[in-house]
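For reference, the structure is listed below as structure tokens.
The numbers here are math on the coordinates, done by the rules we state, and not lab data. Here the structure is a predicted model, which is why all the values come from computation and not from measurement. FYI the Cβ positions are ideal-geometry reconstructions off the backbone, even for glycines, and counts take in every protein chain you see.
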């Protein structure tokens with residue numbers, strides 16, 4: 001049957017007309033007019049989404065402090081217009097595996113660059129005689145730290161920005177938490193085929209499981225869960241705060257759900273100076289560091305699938321053990337009072353373990369500034385930064401699941417020397433991890449480690465002090481926020497790092513958020529050459 | 001009875017041969033001409049080449065007027081379809097071989113109903129079941145569980161030190177008057193098998209089969225000189241389906257299980273689906289590999305591969321380094337006579353395990369059949385038909401042939417060891433030892449059939 005050429009031709013014709021619903025010629029004409037680029041198309045959608053948030057912030061600014069209203073409005077127009085133009089005048093080509101990563105990488109970099117516009121236009125960083133270049137660099141750093149959910153800041157003067165702009169800063173983290181590409185896939189049903197790969201290129205972790213047969217539906221559900229979680233977080237914070245400030249509650253909910261860690265206050269959660277709020281924030285951070293597919297299942301089945309998930313169990317175990325370790329060190333070694341050791345230890349361990357980066361060092365709890373802790377406790381925090389949260393969550397880092405796989409790989413290599421014929425699959429709970437995935441995890445770990453070394457070398461070469469640089473590089477790659485030394489939870493990165501070092505760190509944040517490969521592949525030339533070649537062949 | 005057997009593999013051929021020996025009309029269908037030619041040369045059956053799912057092929061095999069279709073190809077789906085076709089053409093009964101756990105489960109009962117399979121069999125399950133029974137009595141060479149577990153037949157080779165060696169059966173019986181809990185049902189000495197009388201003296205190296213009530217099984221095991229230590233660690237050589245079923249059952253009993261499998265991908269599959277089991281990949285006759293598993297620490301070593309020679313070799317090696325019990329699956333029945341003296345404690349064949357199930361079904365009223373590998377005697381479980389010669393008769397007045405022994409009577413679920421003076425009643429279940437040539441006679445007397 002397949003050898004009948006007439007039938008094949010007829011089939012093709014039928015296909016074309018049925019897809020477009022129009023005669024073939026018109027269809028071809030429409031194809032010509034649009035520029036084929038998945039990168040620009042997806043970037044367009046993400047910018048349009050960001051501009052919607054910007055518009056809301058502009059309104060907020062106009063109604064409250066009315067200080068950066070004009071700048072925010074201009075930024076809304078700029079970002080919105082760029083987004084709309086890109087969205088309307090490009091169309092996504094067929095996505096091949098290797099382009100997918102590059103597409104996600106470029107989308108993030110472009111969104112980050114344009115997302116810096118509001119800061120530049122509002123002159124947020126025009127303090128104490130900073131030049132234009134420094135302003136732009138700082139804006140890009142802040143934008144990268146926002147979209148990558150890192151939470152490191154170069155702001156020194158938090159009063160030099162209106163409440164609307166500060167809300168925009170919170171909002172960038174919220175967008176970045178679930179991912180702008182996931183958002184794009186949710187919007188675009190026709191991205192269905194390459195969509196899952198797009199999501200998995202962006203979403204942290206090794207697996208992105210389909211919750212529904214359609215990828216766009218899956219993406220939509222993840223965003224619904226995420227949005228719902230954020231609303232509940234805001235309500236919880238508002239209540240815990242004694243219903244004092246709705247603005248603060250919303251601002252912190254946006255960055256707690258996304259495990260980002262930005263705060264409109266320089267002293268972060270310490271601003272509340274309340275153990276109740278800190279407890280609520282701890283719970284929110286832990287939930288934010290949990291897989292969102294798991295949250296969806298909990299909602300869909302009205303059950304609690306958490307405890308059955310082995311990664312979630314080890315995640316809690318890691319947080320628990322590190323908390324106890326840190327509290328013990330603070331209490332016994334540092335001579336802190338037990339209660340304040342408990343409060344400072346637990347909060348900071350969860351904050352860094354979930355890659356959020358909130359601080360609680362203010363008011364009565366100055367103990368929360370971990371830069372002043374004993375070296376052992378700080379080192380524990382540094383290890384924790386490397387681990388990160390659960391796969392499929394908004395948290396960064398290497399991820400608990402990968403760490404477990406690596407641990408099992410280690411155990412296996414030891415046992416294999418004793419009993420070389422033993423067959424030992426790597427097992428997480430009941431699930432067996434395929435050897436190809438195990439190899440990828442090992443490769444990812446090496447890549448992560450290499451990035452860390454390269455980043456550390458670059459940042460120290462650009463004038464960074466060792467302790468701060470080490471902390472900052474680990475923190476940027478793992479999307480935590482605060483680092484060690486001069487770049488601790490109460491300090492700003494502006495004092496610790498030179499301008500080029502800040503740019504490197506900004507890049508590392510995006511690299512860390514996308515788990516390295518998308519950015520790496522965005523700069524590999526043959527990805528495009530092959531694409532161009534294919535276009536030529538198609539003609 | 002007219003029977004069609006589809007699938008002339010190991011199980012199909014053996015079932016066909018057994019049925020043919022019992023004077024049923026058997027035709028065998030298979031797609032493989034060579035297998036059929038070989039079978040036709042050994043057994044008196046009609047062979048038809050072709051697929052059993054094709055009605056024309058089945059017609060050639062005599063589907064019209066057929067009473068039973070046995071579908072034992074290696075493909076579950078094919079077997080089910082054959083059952084459906086047969087039932088549509090008015091065949092009375094079908095026996096279907098199903099391997100997939102999913103299809104065997106209770107959840108799929110409705111599906112099996114749709115295909116109208118009357119009996120579902122699976123050689124691997126039956127073999128695994130037999131080995132599990134054996135593990136309850138370490139040292140025994142055969143175990144048959146009858147009458148829903150109320151009566152157990154233990155077969156064992158007597159060692160010199162066993163308490164009952166050197167004694168006459170009548171003496172032993174006298175020790176346990178008035179209530180016997182067990183009875184020696186048959187004795188194999190050398191090549192011959194006897195249904196014993198009271199004047200037999202038990203000798204070392206005799207293979208005896210003892211029928212006993214469930215509650216007395218431990219006492220009997222001690223009398224036979226069997227160890228009663230429970231099994232803690234088991235090494236399974238060969239990772240086929242039997243091993244898989246066995247391993248998961250053993251693990252659920254808390255036994256430590258190690259499996260050795262030669263095929264790399266199969267070994268991996270096993271390691272993945274049996275979480276609590278250690279799987280080694282390699283050849284089971286590789287001494288270095290066996291040492292690596294810690295061979296001498298196992299209570300039982302069972303070799304279950306498809307290669308008889310490898311199974312036997314591995315068992316011999318295990319025995320030589322001190323494994324306390326070895327079990328070998330042996331497919332070629334001719335090899336069996338070599339094994340007892342060579343150091344393999346137990347040999348069993350998947351085909352007899354399956355065939356017993358089929359034979360029980362074919363004989364209809366027979367509730368259970370057990371065949372023992374190294375002898376001709378069969379153990380039957382029969383239900384006494386009301387109004388038959390045996391109903392209301394005393395055992396010794398029944399005029400049973402010399403080659404038949406009634407071992408136990410189960411009335412209302414309660415087992416009793418049969419005595420000469422025991423009276424049989426309708427609906428009693430009787431466990432009897434018989435040589436194949438006297439099976440028909442026993443059935444005639446007890447069930448008015450045959």
message: With a 10 Å cut-off between alpha carbons and a GNM built on chain B, which of B:219, B:262, B:253 moves the most?
response: B:253
query: Using alpha carbon centroids, what distance separates the stretch A:227-301 and the stretch A:386-419, in Å?
result: 28 Å
Label-to-label distance, nm, for residues given as residue A:338 and residue A:132 (7 Å Cα→Cβ offset): 6.2 nm
query: So how far, in whole Å, is the C-alpha centre of the stretch B:49-127 from the one of the stretch B:369-439?
result: 32 Å
task: Report the paramagnetic label zone for residue B:111: residues of the stretch B:51-95 whose backbone N is under 13 Å from a point 7 Å from Cα along the Cα-to-Cβ axis.
output: B:76-81
message: Taking 0.36 nm per residue of sequence separation and subtracting the Cα-Cα distance, how much length would be gained by fully extending the chain between residue A:159 and residue A:63, in nm to one decimal?
response: 32.8 nm
message: Give me B:176, A:119 sorted ascending by neighbouring Cβ count inside 10 Å, so fewest comes first.
response: B:176, A:119
field: Contact order normalised by residue count of chain B, Cα under 8 Å, 6+ apart, percent
entry: 11 percent
message: Cut-off is 10 Å between beta-carbons; in what order do A:174, B:180 appear when sorted fewest neighbours first?
response: B:180, A:174
- prompt: What ranking do A:412, B:421, A:513 get, fewest neighbouring Cβ atoms within 10 angstrom at the top?
  reply: B:421, A:412, A:513
- prompt: For the stretch A:290-399, rounded, prolate or oblate, judged on the Cα gyration tensor with a ≥ b ≥ c (square roots of eigenvalues), a/c < 1.5 rounded, else prolate if a/b > b/c?
  reply: prolate
message: Could you work out [θ]222 nm for the protein assembly as shown from helices alone, using -39500 (n - 2.57) per DSSP H run of at least four and dividing by all its residues? Round to the nearest 500 deg cm²/dmol.
response: -16000 deg cm²/dmol
- prompt: What is the distance in Å between the Cα centres of the stretch B:257-301 and the stretch A:118-161?
  reply: 62 Å
statement: Per the C-alpha gyration tensor (a ≥ b ≥ c, the square roots of its eigenvalues), the protein assembly as shown is rounded if a/c is under 1.5, else prolate if a/b beats b/c, else oblate; here it's prolate
- request: Starting from the Cα of residue A:440, step 7 Å along the direction of its Cβ; do the same at residue B:33; then give the gap between the two resulting points in nm.
  value: 5.0 nm
